[in-house]
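What follows is one structure encoded as structure tokens, with my remarks underneath.
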Amino acid sequence: MAPSTTVPTVSDIEVPETLLKKRKQNEKAREERLAAATAARKASKAKRKVIFKRAESYVKEYLSKEKEEIRLKRAARTSGDFYVPAEAKVYFVVRIRGINEIAPKPRKILQLLRLLQINNGVFVKVTKATQQMLRLVEPYITYGEPNIKSVRELLYKRGYGKVNRQRIPLTNNAIIEESLGKYDILSIEDLVHEIATAGPNFKQASNFLWPFKLSNPNGGWRTRKFKHFVQGGDFGDREANINKLIRQMN
């Protein structure tokens, strides 16, 4: 008896070998992608744990340091002495004057400090050399010792990194880890800690950060901007008062 139809069934049709190969390759690639995604998720989870633990340890460290300072102040007061706080380890330097009529030497120092524009700010480690440099360019800058809160606010709000000579916003810990992972700086909290405590990798951390571009302070500068801070002006060392300026400019 003749078949009812001449159309071949699925089992009768042979699949071309190239198509079979293509299917196998696609399946293999899909499996590899899924495996890589699972591994990445696991690694990310483990990394998050490390970052959280570190952040907790930093908070404890900052609190213990604060409590110790309060204890020393009280002890000094009860014994009738004066408490002299430790010298600053880090300065935050802000440029307050433009480019007009700058002598070659201060101009070069401002370039070395990466303060190329007015209202630019950078973190500088306090050494004998940097103090001498700051003294030479004092009429063009204001600086002081930033606290943890100021460092954190600056990095979270105006933090940009230098990645392949480009200014990239610090929106992700991966950006920091990619550039500073080899120095064991994995997250923004690690970066805050390294800058605030002037850690062993301060130079690399500071160079990774693009100079901060700040706004003019709320309420404006003082009337005698180009007099020293202690004379009612704005330039020069303002010690802890730099934190108030950072709040106004950030």
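Numbers at a glance
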quantity	calculated
Enumeration of residues in the range 134-157 that are crowded, with 19+ Cβ neighbours inside 10 Å and of a type outside the set (Val, Ile, Thr)	Leu134, Tyr140, Tyr143, Gly144, Glu145, Pro146, Ser150, Arg152, Leu154, Leu155
Pairs with Cβ under 7 Å, 6+ apart, first in the range 40-67 and in contact (Cβ under 8 Å) with a residue 60 or more places away in the chain, second of a type in the set (Lys, Arg) and part of a helix (DSSP H, G or I)	none
Residues located in the range 162-191, provided they are open to solvent by 80 Å² or more (accessible area, probe 1.4 Å), in a loop (DSSP other than H, G, I, E, B) and not hydroxyl-bearing (Ser, Thr, Tyr)	Asn164, Arg165, Asn172, Asp184
Among residues of the range 124-133, those that are open to solvent by 70 Å² or more (accessible area, probe 1.4 Å) and within 22 Å of the chain's Cα centre (by Cα), counted	1
Hits in the range 147-167 - residues which are of a type in the set (Val, Ile, Thr) and more than 11 Å from the chain's Cα centre (by Cα)	Ile148, Val163
Pro146 in a loop (DSSP other than H, G, I, E, B) and touching a strand residue (DSSP E or B) at 6+ places or on another chain (Cβ under 6 Å)	yes
Leading residue by the ranking (modelled with the highest pLDDT) among those in the range 31-64 that are closer than 20 Å to Glu189 by Cβ and more than 22 Å from the chain's Cα centre (by Cα)	Ser64
Candidates Leu136, Leu180, filtered to the one that is under 15 Å from the mean Cα position of the chain (by Cα) and of a type in the set (A, V, I, L, M)	Leu180
Selection within the range 74-115 - open to solvent by 100 Å² or more (accessible area, probe 1.4 Å) and in a helix (DSSP H, G or I)	Arg74, Arg77, Thr78, Pro104, Lys105, Arg107, Lys108, Leu112
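Results for (1) charged (D, E, K, R); (2) touching a Leu at 6+ places or on another chain (Cβ under 9 Å); (3) under 30 Å from Lys225 (Cβ atoms), shown as yes or no for each residue.
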| site | (1), (2), (3) |
| --- | --- |
| Ile13 | no, no, no |
| Gln25 | no, no, no |
| Glu61 | yes, no, no |
| Glu69 | yes, no, no |
| Arg77 | yes, no, no |
| Tyr83 | no, yes, no |
| Phe92 | no, yes, yes |
| Pro106 | no, yes, yes |
| Arg114 | yes, no, yes |
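The values are calculated or read from the model by the stated rules, or taken from the named source; none is laboratory data. Bear in mind that the values here come from a model prediction, so they are computed numbers and not experimental data. Cβ coordinates were reconstructed from backbone atoms using ideal geometry, including for glycine residues, and neighbour counts include every protein chain displayed. The area values use the complete protein model at the heavy-atom level, side chains included, leaving out ligands, DNA and RNA. Shrake-Rupley method; radii C 1.70, N 1.55, O 1.52, S 1.80 Å.
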